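> Structure incoming, see below.
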Amino acid sequence: MLTIYDLKNKVMLNQPDFFNLVEGFDSFKGVSFVGSFKIIEKELMPRFKQIDLILGMEDQKTGKNLDQLFNVSNKVKELLSVSADFLDRIENQTLQLKFTKDELFHSKYFIVENKTDFIIFNGSMNLTQKALKHNHEMLWMYHGKKNDLQDLKIYEEHQKLFKHNFEKDSVDYLDRKIINNLYGKTRKQITAIIADEVVDKIQQNIVEVNPADVVKITNDAQQKEQTYELHPETVQKVAKELFTEKGNKRRNEEKAREEIKKIVFQDFSDSSENRVIKASELYPKPIWAYQEDKIIVEDENKLLHPLKVDENLVTEDDVRTFVRIIESFRFNKVKDESHQALSAFIYLMTAPMIWKIREIYRESNFSKSADQIPLSMVLIGRGTTGKTLLVRDYFKKFTGDNSHSLQYTEINDGNASRTDKAVKFLDNYLHSARFISPMIVDELNSNFLHSKVALNAIKQWSNTIQGIHNINIFAMNHNAGSREINNLEEITKRVYYLSFEAPWLPSSQQQINYNMLINDNNDHIYRYVVSELNKRLVNLTGEEEANLIDDYLSLSKNILSNL
């Protein structure tokens, strides 16, 4: 939800349309993290005669983000996706794109203007569809006249700032001199051109790279420290071809050029099942990742480090609150459904390690197929039976996830029977190859589990995905008269169904105040159980392995019962 405070009129604009506010202006300048060029082509190019953008960096990793420089694969993919008009405008400089030369750009500000007026925006919003339509974003805006002396002073100061950022602090995203060489070229030909450009920028010091930052992704020993940089694998490989483990430039330029091209070619040839999805393409932002037998979490300072759990983390009050949450599904309902609630929580606590358990199944001598571990849990049943209460109010806070409750209509652009977009959204998360945060979606369309697209995807995920991945948790209404649940064996072994049918008792008859439970709920138990589960999965005893093959939730149950 975008909120803008109008400084001139001293009024808060709730959920304004950003592009309606900039109608009538012909120049756009700004600093923003941009996930793709689509928004530039779709929203900016038709509106503005002149566009000058600094592509800032997504502040989700420690230190300075080197992806924009070293991610040759991504740059090639972006250039292959744009129109000839896009390249034409870069060449004639009516579209100027730059990125950070040295220090991290954390600013997000925009200046739109015409001959007489200007608007300055400043705040948290990046120039992405998620920021414009979904995220909680805050901006202030100042709409001024160029012939007003007071307004002119504000305008000139911001123009001066942007001029310095654009000319001194940034470097061209793409040298316009090579544009003519890109028209009609194949992916491999464009890769060769971009690889050469990256090497030139490094060797000629066009882009200043801090050796300490390079060491973090080129030196394997450094990567084992407590602060992590979760760069895509291809970025790490490219960096290692350009720099030594000590952060010094390699002398053999020609060898570096050829090796970078090979790395990118290999990245393109990887099958979709082996692809790696960037964090910037995922929404909501993942909370936890996995690397080198460690769970990687983000702290309040946006730094990533291994999860550490103090033995005193879980208090008696935490346990009491958890037990009362489960009991509320017994004492506050017409029929006892506490067993379903407890089962849902146990699956939730196992979720970050489902991928690891599936690996153990594949390697075990006890011969049980990994596809018998469901990658999705569906809380299904009548409306107002507690499914949304679980996924929205309990699960989110229990896992430490402060993002808004994600609705199916958001990931499918509506509640239509077609499920293509929702499947693609979920598929991206499952193929991140490093993120283990469960994807929780409310109000799943009842047609989803009958759709051929979704069914094929569920089977493919279960049969083919290996390595690190997350899982899906859905809440879905299934009222009287609804289409029958898909209970074919090929689905039921891959989807963990939990049914909630009993209505709540009248408020006056409910023994437990659920509002107090929501307030007291926290992520202590979740962190503890997942941390312990990871430790034990890394060093399983023979008995634990046998029990795990018999029941993939057995370790989680054991850890929880010992609290």
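We did not get these values from a lab; they are worked out from the coordinates using the rules stated. Quick caveat: nothing in here was measured; it's all calculated off a predicted structure. FYI the Cβ positions are ideal-geometry reconstructions off the backbone, even for glycines, and counts take in every protein chain you see.
> In whole Å, what are the Cα extents of segment 304-561 along the three principal axes, biggest one first?
Cα extents, longest axis first: 54, 48, 35 Å.
> Among K42/K452; K368/K493; K38/K133; K333/K493, which pairs are too far apart, with a Cα-Cα distance over 21 Å? Before the final figure, lay out the partial values.
Working: K42/K452 32 Å; K368/K493 13 Å; K38/K133 15 Å; K333/K493 29 Å.
Long pairs (Cα-Cα over 21 Å): K42/K452; K333/K493.
> Based on a Kirkwood Rh over C-alpha pairs, give the Stokes-Einstein translational diffusion coefficient of the chain at 37 °C and viscosity 0.692 mPa s in µm²/s.
Numbers: Rh = 26.2 Å.
In µm²/s, the coefficient rounds to 125.
> For segment 314-371, run through the trypsin sites (Lys or Arg not before Pro) and keep only the ones in DSSP coil with at most 16 other Cβ atoms within 10 Å of their Cβ.
Here the trypsin sites (Lys or Arg not before Pro) that fit, given the DSSP loop and packing criteria, are K335, K368.
> Here's another thing I want to ask about it. Just the number, please: percent antiparallel of the DSSP beta bridges in the chain, rounded to the nearest 5.
Working: 34 of 67 bridges.
Of the beta bridges lying entirely in the chain, close to 50 percent run antiparallel.
> Excluding residues fewer than 8 places away in the same chain, name every one of the aspartates and glutamates whose C-alpha is closer than 15 Å to that of K240.
Leaving aside aspartates and glutamates fewer than 8 places away in the same chain, those within reach of K240 are D67, D213, D220, E229, E253, E254, E258, E259.
> Given R₀ = 35 Å, what would the calculated FRET efficiency be for L540 paired with V453, taking r from the Cβ atoms and rounding to 0.05?
Details: r = 37 Å, r/R0 = 1.05.
Approximately 0.40, to the nearest 0.05.
> Full extension from F331 to N415: what is 0.36 nm times the residue separation minus their Cα-Cα distance, to one decimal in nm?
Fully extending the segment from F331 to N415 adds 26.8 nm.
> Right, here's the next one. Hey, which aspartates and glutamates would be in cross-link range of K396, C-alpha to C-alpha under 12 Å, not counting anything within fewer than 8 residues on its own chain?
By straight Cα distance, K396 reaches D442, D523.
> From the residues T541, M349, I465, which one has its Cα farthest along the dipole of the chain in the positive direction, the dipole being from +1 and -1 charges on Cβ of Lys/Arg and Asp/Glu about the Cα centre?
Toward the positive end, the furthest listed residue is I465.
> Separate question: Residues with beta-carbon under 12 Å from that of V391, excluding V391: net charge, scoring Lys, Arg +1 and Asp, Glu -1?
Working: positive: K387, R392, K396, K397; negative: D393, D401, D442, E443.
Charge balance in the 12 Å sphere: 0.
> Take the alpha carbon atoms of segment 377-418, find their center, do the same for segment 493-557, and report the distance between the two centers in whole angstrom.
Each part's Cα centre sits 17 Å from the other's.
> What distance in nm separates the two pseudo spin-label positions at N114 and N252, each 7 Å out from Cα along the beta-carbon direction?
6.0 nm
> In angstroms, what radius of gyration and Dmax does segment 353-482 have, counting Cα atoms only?
15.2, 46
> So, R0 is 22 Å and r is the distance between the beta-carbons of N9 and Q159; what FRET efficiency does that work out to, to 0.05? All intermediate terms of the calculation are to be shown ahead of the outcome.
Details: r = 23 Å, r/R0 = 1.03.
Efficiency computed from Cβ-Cβ geometry: 0.45.
> If you take the beta carbon distance between S499 and D175 as r and set R0 to 56 Å, what does 1/(1 + (r/R0)^6) give as a FRET efficiency, to the nearest 0.05? Working shown, then result.
Values: r = 60 Å, r/R0 = 1.08.
The pair S499/D175 has a calculated efficiency of 0.40.
> Rounded to the nearest 500 deg cm²/dmol, what is the calculated helix-only ellipticity per residue at 222 nm for the chain, with -39500 (n - 2.57) per DSSP H run of length n ≥ 4? It would help to have the intermediate numbers written out before the result.
Numbers: 21 runs with 212 residues, N = 563.
Taken over the chain, the calculation gives -11000 deg cm²/dmol.
> Return the lysines within reach of K153: Cα separation strictly under 17 angstrom, same-chain partners fewer than 8 residues apart disregarded; answer none if there are no such residues.
Within the straight-line cut-off, K153 pairs with K8, K115, K145, K163.
> Suppose every K and R has +1 on its Cβ and every D and E has -1 on its Cβ; what is the size of the dipole of segment 304-561 about the Cα centre, in Debye to the nearest 20? Let's see the in-between values first.
On the way: 28 positive and 31 negative charges, 114 e Å.
Computed about the Cα centre, the dipole is about 540 debye.
> Roughly how many debye, to the nearest 20, is the charge dipole of the chain about its Cα centre, given +1 on each Lys and Arg Cβ, -1 on each Asp and Glu Cβ, and no other charges? Working shown, then result.
On the way: 75 positive and 82 negative charges, 188 e Å.
Here the size comes out at about 900 debye.
> Given the pairs K75/K237; K261/K424; K237/K261; K246/K294, which are separated by over 21 angstrom at their Cα positions? Before the final figure, lay out the partial values.
Numbers: K75/K237 16 Å; K261/K424 29 Å; K237/K261 11 Å; K246/K294 25 Å.
From K75/K237; K261/K424; K237/K261; K246/K294, over 21 Å: K261/K424; K246/K294.
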